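Undergrad: Handing you this structure, nothing more for now.
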Amino acid sequence: MAITSVKNLKEFSTANDRFEGAHTLCPGCAHSMIVRELMNCTDDNLVVTTNTGCLEVSTAVYPFTSWDTSWMHIGFENAASAAGGAEAMYKARKKKGTLKDNDAPVKFVAFGGDGSTFDIGFQWLSGAFERGHDFTYICLDNENYANTGGQRSSATPIGATTSTAQAGTHSYGKKEKKKDIVAIMAAHGAPYVAQLAPNKWKSMAKGFQKALETEGPCFINTVSPCCTEWRFDPKDTINITDLATDSLMFPIYEIIDGHELNILYRPKNVIPVEEYLAAQGRYKHLFKPEYRHVIDQIQKDVDEYWEMLQRREEARV
Amino acid sequence: MQDLKLCAQDNRGIHELEAGKDLMGWDEVTQGSVLPSFEGDASNIVHLKQEERCYSDFNSYTATVASWRVKKPVFNIDVCIDCQNCWVWCPDTSIISRDKQMLGIDYDHCKGCEVCVEVCPTNPKSLLMFAEQEELETALSQWPEKKKKEK
């Protein structure tokens, strides 16, 4: 198992990039930060599959590919089953000894956006986890279908305006709460499930390494601020992620074997959710007096969730 | 398999084929497309730096997105402390960092998103945005002085 050192950023920066530039993701997109970090945190051969989404359409614009590893795209929903199939074939051929290099370490990674993870690809993801393939699934959660123009997905949080759940005189945007995908995947009994954020690069790199090392299906949900659909300036990608983790909208934690919960980052000063919401254009309407109650609702939900996480961490159940 | 072949013949219309038209059946179409990222053996690329690799024309490393940019980041090596923040958060793999040292910016792949300027911790910043047409020397000569802490 060859792994790049992530002791500090200088050591980490000696990794040779395997995700090339000149892909067509928006300037300041967090998707490529997350993908780069995954590819840099290991020296092993990677087999990557990708669901349809921003990442797929932008990194494989014919006749170019941005991937320096084996990469495959089949359909919208089936990155998990493609990775599972490739892994099953690899195992069988390794057993027969028909591989070119039988000892070379190979890791299987599947990427999906939140639409293809929470909604469209959920059945495939759940099936692959039930079968127990040895792969890592990484969800790049930007809370909407950004590739097709920002429609609502079941990852969109309450109160956000999207092109199919628009805010206006009669609506404050999406009315339903976000699906708790980390808890759902942990309930599959997966050996490693985590929620990570690109601004905390060290916990993210360590989480990726842990997931790659762990045998069995691992799921990681990563926050990926989308400057186009969340409506903020591209330069603020990392600042928005800071606000997201410090306001506990996206707590960073891991769940091992479905029960052992560890909180990986505790903000020193927890900031009110309002600051995170105010930094983005998609929540602008919530600051009108008539929708004020939605902000209070979000704050209440966030506080309750954080309380639950802390109790679960103590109780180890 | 035999049945499938018969089915394919039905599918493409055997009569048209006999008439000499060159139609392709569903079983003859290449499934998907394969783009090799490298020329020749690519098994060791994880240990090679970008400039040492033999990229094929299909690799987006050989393409450029420089035309996306309206402003460009300029790097001042005198102020840089090699913290590598810009390297880890650059979304376009455009920070050239070798042997723990920041060397410069890859202007072929930079889209000018300004994330590197935002995460730079030095005072004054060692990366700043300038207009695309600005010469590097003029940009460096306009570098701001160190800001004093306000009391």
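The values are calculated or read from the model by the stated rules, or taken from the named source; none is laboratory data. Everything numeric here is computed off the predicted structure, so don't read it as measured data. So basically every Cβ, Gly included, is an ideal-geometry build from the backbone, and we count neighbours across all protein chains shown. Note: accessible area is taken over every heavy atom of the protein model, side chains too, but ligands, DNA and RNA are not part of it. Shrake-Rupley method; radii C 1.70, N 1.55, O 1.52, S 1.80 Å.
Undergrad: Take segment A:231-278 and flag every residue that is in a loop (DSSP other than H, G, I, E, B), among the hydrophobic types (A, V, I, L, M, F, W, C) and under 19 Å from residue A:301 (Cβ atoms). Can you show your working first?
TA: Let us first name the residues in segment A:231-278 that are in a loop (DSSP other than H, G, I, E, B), namely A:231-233, A:247-252, A:257-259, A:264-272.
Next, from what is left, pick out any that are among the hydrophobic types (A, V, I, L, M, F, W, C): A:232, A:248-250, A:252, A:264, A:270-271.
Listed by number, the residues that qualify are A:248, A:249, A:250, A:252, A:270, A:271.
Undergrad: Does segment A:220-259 hold any residues that are more than 16 Å from the chain's Cα centre (by Cα) and under 22 Å from residue A:129 (Cβ atoms), and which are they?
TA: Listed by number, the residues that qualify are A:256, A:257, A:258, A:259.
Undergrad: May I pose another question? Within segment B:86-107, which residues are on the phi < 0 side of the Ramachandran plot and more than 7 Å from chain A (Cβ to nearest Cβ)?
TA: Within segment B:86-107, the first condition is being on the phi < 0 side of the Ramachandran plot, and the residues that meet it are B:86-92, B:94-98, B:101-103, B:105-107.
Listed by number, the residues that qualify are B:86, B:90, B:95, B:96, B:98, B:101, B:102, B:103, B:105, B:107.
Undergrad: Is it the case that some residue within segment B:119-136 is open to solvent by less than 60 Å² (accessible area, probe 1.4 Å), in contact (Cβ under 8 Å) with a residue 60 or more places away in the chain and aromatic (Phe, Trp, Tyr)?
TA: For segment B:119-136, residues open to solvent by less than 60 Å² (accessible area, probe 1.4 Å), in contact (Cβ under 8 Å) with a residue 60 or more places away in the chain and aromatic (Phe, Trp, Tyr): absent.
Undergrad: Answer with yes or no whether residue A:68 is without any contact (Cβ under 8 Å) to a residue 60 or more places away in the chain, touching a Phe, Trp or Tyr at 6+ places or on another chain (Cβ under 9 Å) and closer than 20 Å to residue B:47 by Cβ.
TA: yes
Undergrad: Hey, does segment A:186-196 have a residue that's touching a residue at least 40 places away in the same chain (Cβ under 8 Å), under 16 Å from residue A:36 (Cβ atoms), open to solvent by less than 50 Å² (accessible area, probe 1.4 Å) and in contact with an Asp or Glu (Cβ under 9 Å, 6 or more places away or on another chain)? Talk me through it step by step, then tell me what you get.
TA: To start, the set of residues in segment A:186-196 that are touching a residue at least 40 places away in the same chain (Cβ under 8 Å) comprises A:186-196.
Subsequent filtering for residues that are under 16 Å from residue A:36 (Cβ atoms) retains A:196.
Still in the running and open to solvent by less than 50 Å² (accessible area, probe 1.4 Å): A:196.
Cutting the leftovers down to in contact with an Asp or Glu (Cβ under 9 Å, 6 or more places away or on another chain) gives us A:196.
Scanning segment A:186-196, I find at least one residue that is touching a residue at least 40 places away in the same chain (Cβ under 8 Å), under 16 Å from residue A:36 (Cβ atoms), open to solvent by less than 50 Å² (accessible area, probe 1.4 Å) and in contact with an Asp or Glu (Cβ under 9 Å, 6 or more places away or on another chain), so the answer is yes.
Undergrad: Taking the criterion of being in contact with a helix residue (DSSP H, G or I) (Cβ under 6 Å, 6 or more places away or on another chain), within 12 Å of chain B (Cβ to nearest Cβ) and open to solvent by 40 Å² or more (accessible area, probe 1.4 Å), would at least one residue in segment A:49-64 satisfy it?
TA: So far as segment A:49-64 goes, yes, one or more of its residues are in contact with a helix residue (DSSP H, G or I) (Cβ under 6 Å, 6 or more places away or on another chain), within 12 Å of chain B (Cβ to nearest Cβ) and open to solvent by 40 Å² or more (accessible area, probe 1.4 Å).
Undergrad: Which of the following residues is assigned to a loop (DSSP other than H, G, I, E, B), of a type in the set (A, V, I, L, M, F, W, C), closer than 29 Å to residue A:43 by Cβ and away from chain B (no Cβ under 14 Å): A:190, A:211? Walk me through how you get there before you give the answer.
TA: Working: A:211 fails: assigned to a loop (DSSP other than H, G, I, E, B).
Among A:190, A:211, only A:190 is assigned to a loop (DSSP other than H, G, I, E, B), of a type in the set (A, V, I, L, M, F, W, C), closer than 29 Å to residue A:43 by Cβ and away from chain B (no Cβ under 14 Å).
Undergrad: Can you tell me which residue in segment A:20-48 is farthest from the other protein chains (Cβ to nearest Cβ), limited to those that are surrounded by fewer than 24 Cβ atoms within 10 Å (Cβ to Cβ) and in a strand (DSSP E or B)?
TA: Among them, the one singled out is A:47.
Undergrad: To continue, here is another question. Got at least one residue in segment A:104-111 being under 22 Å from residue B:63 (Cβ atoms), away from chain B (no Cβ under 12 Å) and either open to solvent by less than 10 Å² (accessible area, probe 1.4 Å) or touching a helix residue (DSSP H, G or I) at 6+ places or on another chain (Cβ under 6 Å) (or both)?
TA: Scanning segment A:104-111, I find at least one residue that is under 22 Å from residue B:63 (Cβ atoms), away from chain B (no Cβ under 12 Å) and either open to solvent by less than 10 Å² (accessible area, probe 1.4 Å) or touching a helix residue (DSSP H, G or I) at 6+ places or on another chain (Cβ under 6 Å) (or both), so the answer is yes.
Undergrad: Out of (1) assigned to a loop (DSSP other than H, G, I, E, B); (2) more than 8 Å from every other protein chain (Cβ to nearest Cβ), the odd one out for residue B:112 is which?
TA: Checking residue B:112 against (1) assigned to a loop (DSSP other than H, G, I, E, B); (2) more than 8 Å from every other protein chain (Cβ to nearest Cβ), the one that fails is (2).
Undergrad: Same structure again: Quick one: residue A:86 ticks every box in (1) of a type outside the set (D, E, K, R); (2) open to solvent by 10 Å² or more (accessible area, probe 1.4 Å); (3) away from chain B (no Cβ under 14 Å); (4) farther than 24 Å from residue B:58 by Cβ bar one, so which box is it?
TA: So residue A:86 meets the others, but not (4).
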